[in-house]
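The structure appears right after this line, and notes come after that.
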Amino acid sequence: MMEWPAACRMLTIRNRNDIIMKALVTGSSGHLGEALVRTLRLLQYEVVGLDILESPFTTRVGSISDLAFVRRCIRGVQTVFHAATLHKPHVGTHSRQEFVDTNVTGTLNLLEEAVAAGVESFIYTSTTSVFGDALVPPPGAAAAWITEEVTPVPKNIYGVTKAAAEDLCELFHRNQALACIVLRTSRFFPEEDDNPQVRKLYSDHNTKANEYLYRRVDLEDAVSAHLLAAERAAAIGFGKYIISATTPFRSGDLAELRVNAPRVVEQRVPGYAAIYDRQQWKMFPSLDRVYVNERARDELGWQPRYDFRSILDRLQAGDMELRSPLARLVGSKGYHAQVFADGPFPVE
C-alpha cells in the first residue's frame with residue numbers, strides 16, 4: 001500500500017503558477033489540524049497554524065473567540081481550514097457557554113474576518129454527531145441510512161453548537177458569497193471507545209475495524225477530503241458532505257443489520273468471518289446506522305483508501321496496524337490533560 005507522504009502528493013490541490021498559497025488551519029495542535037498542517041507543508045503551502053496549545057504545528061497561539069487575534073492570523077490567507085472545536089469528550093468537563101464561545105462565536109469570528117480578508121474558500125470541519133438522536137432508530141426499527149438529507153436532531157451542546165456553526169457557514173455563503181464547504185466527519189480519533197461495555201467485550205483494534213463498516217474514517221482520508229473541498233469550493237459554493245469510509249452495505253440491508261449484522265457482513269464481504277476468527281475478533285451483533293459518503297465521492301471526487309475491505313487485506317498480510325501512515329505519525333493526543341479512571345473521558 002502506498003505510504004504517506006507519497007499518497008498526499010497525488011492530491012489534486014496545488015499552488016497556482018508557482019505562487020505560494022497561504023492557508024490558515026485552526027486547531028493545529030489537534031489530530032486533524034496537525035495532519036492538515038503536515039500535508040499542506042509537503043504541498044509547499046505557507047501555513048498559519050492557530051491553536052490555544054503550543055505545538056510544532058502551531059505558529060500562532062491564541063483563541064478563535066478573540067476577534068482581534070483572528071484578524072491578525074487571517075491576513076493574506078486564501079483558504080481557511082477550520083478544525084478547532086470543543087469536542088464531544090469535552091461535554092462532561094466544559095460548560096455550555098464554553099461550547100458556544102468556541103464553536104459558535106469562534107466560527108462567526110473566522111467567517112467575518114474571512115470575508116473582510118478576501119478569503120477564497122472556507123472549509124468547516126463538522127461532525128456526524130450533528131445528527132444526534134436521528135442516528136438511533138426506535139426498538140424494532142431498521143438501522144438508519146444516514147445521508148445528507150437526514151434532518152439533524154442534536155442531543156447535546158456539542159451537536160447544537162456544531163449545527164449552529166454549519167448554519168453560519170451557509171448564511172455567509174448566501175449573504176456574503178463566501179465559498180463554504182461543511183464536512184461532517186465520522187470517527188477518526190485513535191483513543192479507546194468511551195462505552196465501557198464495548199471496551200469490555202471487544203479489543204480496541206476489533207472495535208475500530210468493525211466501525212469501518214458504518215461510522216469510521218481514517219485520518220489520511222479525512223485530510224484528502226478537506227483538500228479536495230478547498231479545491232472545489234469556488235465551483236460548488238456551499239455544500240455539506242458526510243466524510244466516512246465507504247460502506248459495503250446497501251439500503252436494503254438495514255432491517256437485517258439491526259438484528260443480525262454478522263450475517264449481512266458475510267453476505268457483503270465474503271470471507272470476513274474466517275479472517276476475524278484467526279484474530280479471535282467478533283462482529284457487533286447489531287448496527288443501528290450506516291453513514292453514506294456517496295455525495296462526497298460524486299461531487300468532491302473523493303476516493304477514500306481505507307475501508308473494511310482494506311482492513312481485512314492488511315490482516316491477511318499479517319499487518320496488525322490498521323491506521324494510515326499519516327495517522328500513525330500524528331498518533332494519539334487525548335482530549336484532556338487529566339486521566340480518568342472510568343474511561344478515556346467522562347461521559348455526560
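Read-outs: derived from the displayed coordinates by stated rules, not from any lab. None of these values were measured; they are calculated from a predicted model. Cβ: placed from backbone, ideal geometry, glycine included. Neighbour counts: every protein chain shown.
A few remarks follow.
- Virtual spin-label span in nm between Ala134 and Leu42, 7 Å along Cα→Cβ: 3.5 nm
- Placing a pseudo-label 7 Å from each Cα along the Cα-to-Cβ vector at Glu148 and Ser251 gives an inter-label distance of 1.6 nm.
- In this Cβ point-charge picture (+1 for Lys and Arg, -1 for Asp and Glu), the chain has a dipole of about 340 debye about its Cα centre.
- Length added when fully stretched, Asn260-Ala235, from 0.36 nm per residue minus Cα-Cα: 4.7 nm
- With N the number of residues in the stretch 153-238, Rg(Cα) / (2.2 N^0.38 Å) evaluates to 1.39.
- The label-point distance for Asn195 and Asp277, in a model that sets each label 7 Å from Cα toward Cβ, rounds to 2.6 nm.
- Computed over the alpha-carbon pairs of the stretch 21-330, the distance histogram in 10 Å steps reads 6, 27, 35, 22, 9, 1 percent, short to long.
- Of the trypsin sites (Lys or Arg not before Pro) found in the stretch 40-84, those in coil by DSSP whose Cβ has at most 14 other Cβ atoms within 10 Å are Arg75.
- Using R0 = 35 Å, the C-beta based FRET efficiency linking Ala141 and Met320 works out to 0.45.
- Chain lengthening between Ser203 and Ile52 when straightened (0.36 nm per residue, less Cα-Cα): 51.0 nm
- Candidate lysines - alpha carbon under 25 Å from Lys155, same-chain residues fewer than 8 apart omitted: Lys88, Lys208, Lys240
- A full extension of the chain between Asp167 and Ser332 corresponds to an added length of 56.3 nm, given 0.36 nm per residue minus the alpha carbon distance.
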